[in-house]
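The values are calculated or read from the model by the stated rules, or taken from the named source; none is laboratory data. As the structure is a computational prediction, the values presented were derived from the model and not from experiment. Every residue, glycine among them, receives a Cβ derived from its backbone with ideal geometry; neighbour counts consider all protein chains shown.
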Amino acid sequence: MAMVEAAYRHHHLHWRYINCEVPPEGLGDAVRGAKAMGWVGFNCSLPHKVAVIPYLDGLGESARVIGAVNTVVRRDDLWIGENTDGKGFVEAISEITKPAGKKLVIFGAGGAARAVAVEMALAGALEVIIVNRSRERRDILVDLLGSRTPVMATGHNWENTYQIPADTDIVINTTSIGLYPNVHERLDIDFNTLRRGMVVADAIPNPPRTHLLGEAAARGCVTLDGLQMLVNQGVIAIKYWSGVDVDKRVMRDELNKVLVSQA
Ligand code: NDP
């Protein structure tokens, strides 16, 4: 990914970050091959985030709770699976407000929701309402949060226009509603229930300025876009692999260039 290589160049790391298409039946060979070739680690995306776990030697704390891995790190010759999706989010939101003691509303119950909700819970969030269309995924996530983290978790069946409770501190969209190219799709929320002082975050990185963030900014909320979550994931992964704290601005600028060229 261009963003990671931009950081390597900027910090004089003579490394490469290459994309490899790995079919599901080749995953074990790919992991063994990465080890044989002396890689320091790798990222993996769908459909490998869960399937990779049997090929690893251990998991970090949140990857164990989330049950999915997006970053693999070689530590003392062992492959350890981490999940930086939610960590990237927590790092980004912590620059605006501390998660500890906060009341959250999260839209969505897929992979991004699971990672964000677990990390926010482990960071001390007090309460979370999971608002999702399909009941099954919502219940699985609520049960996971209730049994494996200290947060108070409840679910809401998203059948009608959602009214955000007035005492909500942080609103987070982890659905794919509005993701490029479907930029005109809108969350079914009463946007007038977004209040000044709430923090409103969207995991969607493209476009960075989603309709939710536009509605929130117009009502005086503080907003956070999905680009920062993505940049932070890269920052955390490079720190795991190299020990270097990379300059976030270099990565964000590169990501902006890529998005502009795709638009
Ligand atoms: P999943 O497919 O696992 O989950 C998608 C979620 O969106 C589900 O909760 C689904 O609900 C909900 N959803 C989709 N369409 C609709 C709709 N029309 N109405 C109501 N709910 C809907 O995807 P991920 O969790 O992996 O990704 C979700 C988003 O997060 C994507 O936009 C992705 O780009 C973003 N993301 C951003 C990252 C970043 O670093 N910024 C990292 C990872 C993801 P249901 O269960 O009912 O189907």
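Assorted remarks:
- Boolean, Asp188 is of a type in the set (D, E, K, R), touching a Phe, Trp or Tyr at 6+ places or on another chain (Cβ under 9 Å) and closer than 15 Å to Phe107 by Cα: yes
- Test: residue in the range 107-119 that is away from the ligand (no atom under 13 Å from the Cβ) and assigned by TED's automatic domain parsing to the domain that holds Leu212: no
- Filtering the range 211-235 to residues that are within 11 Å of the ligand (Cβ to nearest atom) and touching a helix residue (DSSP H, G or I) at 6+ places or on another chain (Cβ under 8 Å) leaves Leu224, Asp225, Leu227, Gln228, Met229, Leu230, Val231, Asn232, Gln233, Gly234.
Results for (1) within 15 Å of the ligand (Cβ to nearest atom); (2) closer than 30 Å to Gly220 by Cα, shown as yes or no for each residue.
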{"position": "Arg137", "(1), (2)": "yes, no"}
{"position": "Arg148", "(1), (2)": "no, no"}
{"position": "Val151", "(1), (2)": "no, yes"}
{"position": "Gly155", "(1), (2)": "yes, yes"}
{"position": "Asp169", "(1), (2)": "no, yes"}
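- Residues that are loosely packed, with under 13 Cβ neighbours inside 10 Å and either free of Cβ contacts under 8 Å to residues at least 40 places away in the same chain or more than 23 Å from Ile93 (Cβ to Cβ) (or both), drawn from the range 163-179: Gln163, Ala166
- Check on Asn256, within 15 Å of the ligand (Cβ to nearest atom) and surrounded by fewer than 15 Cβ atoms within 10 Å (Cβ to Cβ): yes
- Neighbours by Cβ (under 7 Å, 6+ apart or cross-chain): first from the range 25-36, within 19 Å of Gly58 (Cβ to Cβ); second assigned to a helix (DSSP H, G or I): Leu27/Tyr55; Gly28/Tyr55; Val31/Tyr55
- Glu21 vs. criteria assigned by TED's automatic domain parsing to the domain that holds Gln233, acidic (Asp, Glu) and assigned to a loop (DSSP other than H, G, I, E, B): yes
- Pairing residues of the range 144-162 that are over 15 Å from Ala109 (Cβ atoms) with residues that are assigned to a loop (DSSP other than H, G, I, E, B) and within 15 Å of the ligand (Cβ to nearest atom), at Cβ distances under 8 Å and at least 6 apart in sequence or on separate chains, gives Asn160/Asp188; Thr161/Asp188.
- Single match in Val90, Val65 (criterion: within 15 Å of the ligand (Cβ to nearest atom), of a type in the set (Val, Ile, Thr) and either under 15 Å from Met229 (Cβ atoms) or in a helix (DSSP H, G or I) (or both)): Val90
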